[in-house]
Structures are given as structure tokens and as C-alpha cells.
1. Can you find, within segment 82-106, the residue that is modelled with the lowest pLDDT among those that are over 26 Å from the mean Cα position of the chain (by Cα) and assigned to a helix (DSSP H, G or I)?
2. Do we have any residue at all in segment 46-66 that's loosely packed, with under 12 Cβ neighbours inside 10 Å, in a helix (DSSP H, G or I) and at pLDDT below 80?
3. Can you tell me which residues in segment 191-207 are charged (D, E, K, R) and surrounded by 15 or more Cβ atoms within 10 Å (Cβ to Cβ)?
4. Name the residue, out of PRO36, PRO26, that is at pLDDT 80 or above and in contact with a Gly (Cβ under 8 Å, 6 or more places away or on another chain).
5. Quick test of your reading of the structure: LYS175 fulfils all but one of (1) more than 21 Å from LYS142 (Cβ to Cβ); (2) out of contact with any helix residue (DSSP H, G or I) (no Cβ under 6 Å at 6 or more places or on another chain); (3) exposed (fewer than 13 other Cβ atoms within 10 Å of the Cβ). Name the failing condition by number.
6. Can GLN129 be described as modelled with pLDDT of 60 or more, touching a Lys or Arg at 6+ places or on another chain (Cβ under 8 Å) and part of a helix (DSSP H, G or I)?
Amino acid sequence: MKLDSKYFDGIRTRRKKPAEPEQATPTCQWDGCEKPGSHRAPVGRNAEGQFFMFCMEHVKEYNKGYNYFSGLSDGEIARYQKEAVTGHRPTWTVGVNKETKSSPLHSTVRSGSAGAQARMKDPFGFVAQGRTGARFPPQARKLKTLEGKAFDELGLPGSATSTEIKSRYKELVKKHHPDANGGDRGSEERFRAVIQAYQLLKQSGFC
């Protein structure tokens with residue numbers, strides 16, 4: 001390839017950056033010290049980002065007596081520490097903006113007035129039941145085959161309550177107990193079937 005070829009015009013070379021001049025280490029700012037000041041020390045409150053330059057010996061000496069809160073009262077120090085938690089930024093009540101807080105509905109709801117309750121939509125009556133302490137009606141439970149037979153054995157419908165199941169169980173046990181039937185074989189088998197039915201319903205959570 002010739003040195004005067006057009007392809008040489010498209011070649012780019014990385015230029016070397018000029019070496020940056022080394023910054024001279026400042027002299028220690030401690031009175032009467034001529035050592036290099038290679039260690040920074042904060043100037044103080046209301047001068048954030050500004051530093052003194054000291055040597056190792058004098059920066060230690062300076063830090064021993066440094067007090068950021070010098071000149072402040074105890075109340076001012078406590079206020080500063082409280083505001084420091086949020087980075088000295090304003091805060092607001094969580095979940096309540098200015099418009100909502102100033103609305104009449106917000107104040108009446110907080111006070112629990114009847115007017116606020118009247119304005120609330122409650123198509124299913126959930127709020128009313130919660131206010132009166134009423135419990136929600138139990139949902140119908142689909143019975144399994146053995147559970148249905150157990151209810152039939154006790155002569156009860158599947159919607160029977162726990163109290164009704166226990167009452168019926170005691171009644172049948174007393175009726176078919178061997179001591180009350182003089183050794184009747186049929187009554188004894190009925191007695192066992194009633195106990196098994198009751199135990200099954202108890203394990204299933206019906207009573």
C-alpha cells in the first residue's frame with residue numbers, strides 16, 4: 001500500500017491525553033506547622049463541603065475537640081436529630097392528602113356520626129352486621145357420602161347445628177344403651193352405629 005493512498009485518510013488514531021500536572025500538597029493549616037496537609041477536616045456547621053487541610057498529627061488533635069452542635073441549645077439539637085431521620089425534608093400523614101382531610105365526609109367518618117353512616121353504600125349489609133356485632137350466616141357445606149349417612153343415622157338433616165347434633169346423640173345413646181334394653185341385640189348394634197356416626201361428624205368439624 002502506498003503512503004499516499006486514500007485509505008490512510010480514514011484511519012483514526014487515539015490521541016494521547018496530556019499528562020495532568022501533579023497537584024501540590026497544601027501545607028498544614030495548623031498554626032506554625034509546615035508539614036504537608038494531606039488530611040481533610042470539616043470546617044463545621046453551616047459550612048458543609050468545606051474542609052481544613054491538616055497533617056496527620058494535627059487532624060487528630062482537631063477531631064478530638066470537634067463538635068458539630070457547638071453553640072446550639074438542647075432543644076435545637078433534639079429538633080435537628082428528629083429532622084435528620086427524614087433527611088430534613090417535610091413529611092405528611094400517610095394516606096391522607098389535603099383535599100381528603102378537609103372534606104366533610106372525612107371529619108364525619110372519623111367522628112362516627114350517623115350522617116356519615118347514612119351516606120355510605122352498603123348493598124349487602126356487611127357494615128351494618130359488623131356494627132351490631134351480628135355474625136355472617138354460615139355457608140352451606142356439601143356433605144360427603146359418609147357424612148350424609150352419619151346424619152341419617154342420627155335422624156338429622158345436614159343443616160343441623162352442633163347443639164342439635166350433641167342433643168340428638170345423647171338422646172339416642174340413652175335410649176339404646178345396653179343397660180336400658182336388657183341385652184337386646186338390635187338395640188346394641190344401633191348403639192354402636194350412633195356412636196360411630198357421632199365420632200365421624202365430630203372429626204369432620206360438625207360438632
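1. LEU105
2. No, every residue in segment 46-66 fails to be loosely packed, with under 12 Cβ neighbours inside 10 Å, in a helix (DSSP H, G or I) and at pLDDT below 80.
3. Within segment 191-207, LYS202 is the sole residue that qualifies.
4. PRO26
5. (3)
6. yes
The values are calculated or read from the model by the stated rules, or taken from the named source; none is laboratory data. None of the values given here were measured: they were computed from a predicted structure. FYI the Cβ positions are ideal-geometry reconstructions off the backbone, even for glycines, and counts take in every protein chain you see.
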